[in-house]
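Working notes, structure below.
The values are calculated or read from the model by the stated rules, or taken from the named source; none is laboratory data. Please read these numbers as outputs of a predicted model, since none were measured by experiment. Here the Cβ is made from the backbone with ideal geometry for all residues, glycine too, and neighbour counts use every protein chain on show. Remember, those area values only see protein heavy atoms, side chains included, never the ligands or the DNA or RNA. Shrake-Rupley method; radii C 1.70, N 1.55, O 1.52, S 1.80 Å.
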Amino acid sequence: MRNIAGMVRVGQNVSTPDQIISSSPSDQPTTAVTGSGGEGTDGAAKQGLGKPVRSESTAGILFGIGAYGLWGLLPLYFFILMPAGAIEIVANRVVWSLIFCALLITITRSWRIFGAALKDRSVFGPLALAAGLIAINWLTYTFGVTTGHAVETSLGYFINPLVSVLLGVFVLKEKLRPLQWTAVGIGFVAVGVLTFSYGQLPWIALILAFSFGLYGFVKKRVGPKVDALTSLSVETMVLAPFAAITMVVLGVTGAETLTTMGAGHFWLLVASGVITAVPLLFFGASARRLPMTTIGLLQYFAPILQFVVALLVFHETMTTARWIGFCVVWLALVLLTIDMLRTTRKNSALKKRARLAAVEA
C-alpha cells in the first residue's frame, strides 16, 4: 500500500521492544527494487554469538510475510467498516494510531527520543511533509477500496517501483541501466493501455504510486535520525488536529458512524491504531534480519494479495484490455527485478574480490 529505493535501513538483531521499533515507513511497504541490494544484516554477521543464520533468515521472512500479508488484506478491513467513508476511516486511523503510539512510547520509555525529534527541524520538517503525503495516500487508498476500485489500488503499488526509478532519475540525477530504462518504457505503455481500458487516466493508481513514492523519498532524507515509532508518532501528531476536527464535524452533521453503528463497529474503528502499527513493527523486525534484495521481492506480496481480494472477494470486473494492461505492468516489474538480482550478484562478487585482494595484500 510502504519504495523508495534504498530506504530500508538494516540494523541489528531484535531482542527488545526498543530494537523492534526500527526505521521504516508509516504505512505500505517500501520498494527496494531499484537499490543495489544488501549483503545481509549485522545480526547475520554475528551468528557465532546468537542464532544460526538460517533461523534468523526464516524469522525475517516470516515477519516480512506477516507485514506484507496484513497490508495486502487491508481492503477487507476497510470493507467491513462500511458504511464508514474514506474520510471518517482515515480520521479515526490518525487519532487512534496516535493514541496507540503514545502507549508504545510509554512502554518503551521513548518520550525523550520523541521530544528530540520535535525539536530538531531537520527531522520535524520532513516528517511534517511526509504526514501530508501519507494522508493523501491513505485517503486515496481508502476511497478506492470503499468505492469499488480495489483492483486499481493494487495497480498503484505495482507501479510504485517504477515511480521510484523515475524519482531517482529526475530528483537524484541517477543514471539508469538498460533494463531499468526498458522497464520504465514498458510502464508508460501499460499506463496507456490502462487509460484506454478505463476510458480515463487510472488516477487512483497514479496518485497512490506518486504520493507513496514521494513519501518514501522524503522519509529517506531523514535517514537514520528517527525510528519507525517516532516517525509514525510525529506524522500522526501533525495530522491529529485535522483528523479530530473532521471527526467533530462528522458527528455534528450526523454523518459519523463511530458511535451510531453499535459497539462492534466502534471497536473496529478504534482498532485502526493497532492495525496501522502492527505490520509496521513486523516490517521493522523483517528489515533487520533480511538483505535488501529479499525485502525487494517480498514487497510484491501486498499488491498481489490486494489484487486477489479485489477479484475473488469484491468481484470487481477485469476486462480483456485491463488484463493486458496489468500483464504489461508485471512484465516491467519482472525486468526491474531481474536487473536488481543481476546488480546484487555483481556487487556481491566485487565485494568478495575486494576482500580477497585486501587479505592477499
Extension gain, residue 319 back to residue 188 (0.36 nm per residue minus Cα-Cα distance, nm): 45.2 nm
Column: log10 I(q)/I(0), Debye, Cα scatterers of region 214-299, q = 0.18, 0.22 Å⁻¹: -0.96, -1.17
Relative contact order (%) - criterion: Cα under 8 Å, at least six apart; region: region 129-207: 41 percent
Net lengthening on full extension, residue 278/residue 203 (0.36 nm per residue, minus Cα-Cα): 24.1 nm
Value of Rg/Rh across region 98-215 [Cα atoms, Kirkwood radius]: 1.10
Mean accessible surface per residue for region 120-273, computed with a 1.4 Å probe while every protein chain stays in place, in Å²: 42 Å²
Equivalent ellipsoid, region 214-361 (semi-axes from 5 times Cα gyration tensor eigenvalues, Å): 41, 26, 14
Rg followed by Dmax, in Å, when region 180-249 is reduced to its Cα trace: 17.7, 50
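Please find the FRET efficiency linking residue 353 to residue 327, where r is the Cβ-Cβ separation and R0 is fixed at 35 Å, and quote it to the nearest 0.05.
Working from the Cβ atoms, E equals 0.35.
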